[in-house]
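Heads up, the thing below is written out as C-alpha cells.
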Amino acid sequence: MGFADLSIADIASEYNLSVEAIFRLCDQLGISYKDQTTNLALEDAKAIISLILSRRSG
C-alpha cells in the first residue's frame, strides 16, 4: 500500500474541518494515527475524503 503525501492536518485544512473531526473519522473507519502530522496510506486518505464528500452531498 502506498502512502499519500497527505497528513491529517492537510486534509482538515483542505476540507475546512477541525483536526479533531478528522480524528473522529479515522476512529470511525478504523484508521490508526499518532497525531495531526501522521501521513496517511493512500487508501486511508481516499476513504476519509470519500466520507467527507458523501456527507456534504447527502
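Does the stretch 19-30 include one or more residues that are of a type in the set (Phe, Trp, Tyr), assigned to a helix (DSSP H, G or I) and buried (at least 16 other Cβ atoms within 10 Å of the Cβ)? Looking through the stretch 19-30, at least one residue is of a type in the set (Phe, Trp, Tyr), assigned to a helix (DSSP H, G or I) and buried (at least 16 other Cβ atoms within 10 Å of the Cβ).
Give me the residue from the stretch 31-57 that is within 12 Å of residue 7 (Cβ to Cβ) and β-branched (Val, Ile, Thr) and, out of that set, surrounded by the most Cβ atoms within 10 Å (Cβ to Cβ). Once the filter is applied, the top-ranked residue is 48.
Consider residue 10 carefully, then state whether it is among the acidic types (Asp, Glu) and open to solvent by 80 Å² or more (accessible area, probe 1.4 Å). Here the answer is no, as residue 10 does not meet what is asked.
Are there any pairs with C-beta distances below 6 angstrom linking a residue in the stretch 25-42 that is farther than 15 Å from residue 10 by Cβ to a residue that is open to solvent by 30 Å² or more (accessible area, probe 1.4 Å), with the two at least 6 apart or on different chains, and if so which? Cβ pairs passing all conditions: 29/47. For the stretch 1-18, which positions are of a type outside the set (Phe, Trp, Tyr), farther than 17 Å from residue 54 by Cα and outside any loop (DSSP other than H, G, I, E, B)? Within the stretch 1-18, 4, 5, 6, 7, 8, 9, 10, 13 meet the criteria.
The values are calculated or read from the model by the stated rules, or taken from the named source; none is laboratory data. Computed from a prediction, not measured in an experiment: that's the story for all the values here. Please note: Cβ atoms are built from the backbone with ideal geometry, for glycine as well, and neighbour counts cover all protein chains shown. Surface areas here come from the heavy atoms of the whole protein model, side chains and all, with no ligands, DNA or RNA. Shrake-Rupley method; radii C 1.70, N 1.55, O 1.52, S 1.80 Å.
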